[in-house]
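Trainee: My questions all concern the structure below.
The values are calculated or read from the model by the stated rules, or taken from the named source; none is laboratory data. Computed from a predicted model, the values in this text were never measured in an experiment. Neighbour counts are summed over all protein chains in view; Cβ atoms, including those assigned to glycine, are modelled from backbone coordinates with ideal geometry.
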């Protein structure tokens, strides 16, 4: 026979109301009482059903994560893992909403306040407009930004993308490089991804260095960024001595392609990435380290504080980036590439 609240109360030596309050509002009972009630519940294999908890609290115990693509790449996977590490223990489900294109975007921001089906919203890596913030605000739920440049959030976590790419440029300049090419896949025109700041940061950093010849190359999504990089190396009269990729996952395949072409990293070309993601260390890729899992853990804790009406000690938090110098960068070659 399934144990009841009364059974737990009897075993713990407290009232039924205290057991109910312990599960619904644990912050309202003492730590000693929580431990005693939880021990009794564990011994009796008792738990509050999700539906009862939702009805009692008026919450959905669901949070929404907005991402800019259906593809779950390294950064997003780390964000999901970090959010779940905190939210799962608090009894919340994480629902992922890929926002691609204006239609999906408009539908989400228009319908969420009406449906009232989330207790908080996380927006990861892309910007939202003041009108969209206003729409979410009518639902009266916390809005937490993860590496986004927009304003109007209740809390944010993120990195300084400009500072990160400036670390790369300064490193290459100190090695003697004065001919750099920055490669990235073209962005959605409607989402305003925060990592676009890496491109402007690259241009700003290069503009402060005497004699620096720096270009950026936007590669269309249907084209291959590695083919574009090799074409730039082979076709230019004065080819770049270093290639700076927007993210590690775009840079790492170049290591294998250049081997087949008889070229060497870093003797013939220096290569950098951004993220310090999976396989970056194994590939000996010089890159910038960011820690999205740590950012997500902090974002989830801020969201729980906001949901519970508790003060957030540090609502707007910038996380550090670190230059990771590895074997893919060296002094520029002194002889022609071909």
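Trainee: Can you confirm whether residue 72 is at pLDDT below 85, surrounded by 13 or more Cβ atoms within 10 Å (Cβ to Cβ) and touching a helix residue (DSSP H, G or I) at 6+ places or on another chain (Cβ under 6 Å)? Write out each step before concluding.
Mentor: On the way: at pLDDT below 85: yes; surrounded by 13 or more Cβ atoms within 10 Å (Cβ to Cβ): yes; touching a helix residue (DSSP H, G or I) at 6+ places or on another chain (Cβ under 6 Å): no.
No: the conditions fail for residue 72.
Trainee: Got a sec? Which of 229, 214, 299 is surrounded by 21 or more Cβ atoms within 10 Å (Cβ to Cβ), in contact with a strand residue (DSSP E or B) (Cβ under 6 Å, 6 or more places away or on another chain) and closer than 22 Å to residue 319 by Cβ? Let's see the steps before the verdict.
Mentor: Working: 229 fails: closer than 22 Å to residue 319 by Cβ; 214 fails: closer than 22 Å to residue 319 by Cβ.
Sole residue among the options that is surrounded by 21 or more Cβ atoms within 10 Å (Cβ to Cβ), in contact with a strand residue (DSSP E or B) (Cβ under 6 Å, 6 or more places away or on another chain) and closer than 22 Å to residue 319 by Cβ: 299.
Trainee: Among 37, 14, which is out of contact with any strand residue (DSSP E or B) (no Cβ under 9 Å at 6 or more places or on another chain), outside any helix (DSSP H, G or I), more than 24 Å from residue 300 (Cβ to Cβ) and modelled with pLDDT of 75 or more?
Mentor: On inspection, the qualifying residue turns out to be 14.
Trainee: Something else about it: Determine whether residue 278 is farther than 24 Å from residue 162 by Cβ and buried (at least 22 other Cβ atoms within 10 Å of the Cβ). Write out each step before concluding.
Mentor: Numbers: farther than 24 Å from residue 162 by Cβ: yes; buried (at least 22 other Cβ atoms within 10 Å of the Cβ): no.
Judged against the criteria, residue 278 is not a match.
Trainee: Before we move on, is residue 318 surrounded by fewer than 16 Cβ atoms within 10 Å (Cβ to Cβ), in contact (Cβ under 8 Å) with a residue 24 or more places away in the chain and not in a loop (DSSP other than H, G, I, E, B)? Can you show your working first?
Mentor: Working: surrounded by fewer than 16 Cβ atoms within 10 Å (Cβ to Cβ): yes; in contact (Cβ under 8 Å) with a residue 24 or more places away in the chain: yes; not in a loop (DSSP other than H, G, I, E, B): yes.
Against the criterion (surrounded by fewer than 16 Cβ atoms within 10 Å (Cβ to Cβ), in contact (Cβ under 8 Å) with a residue 24 or more places away in the chain and not in a loop (DSSP other than H, G, I, E, B)), residue 318 qualifies.
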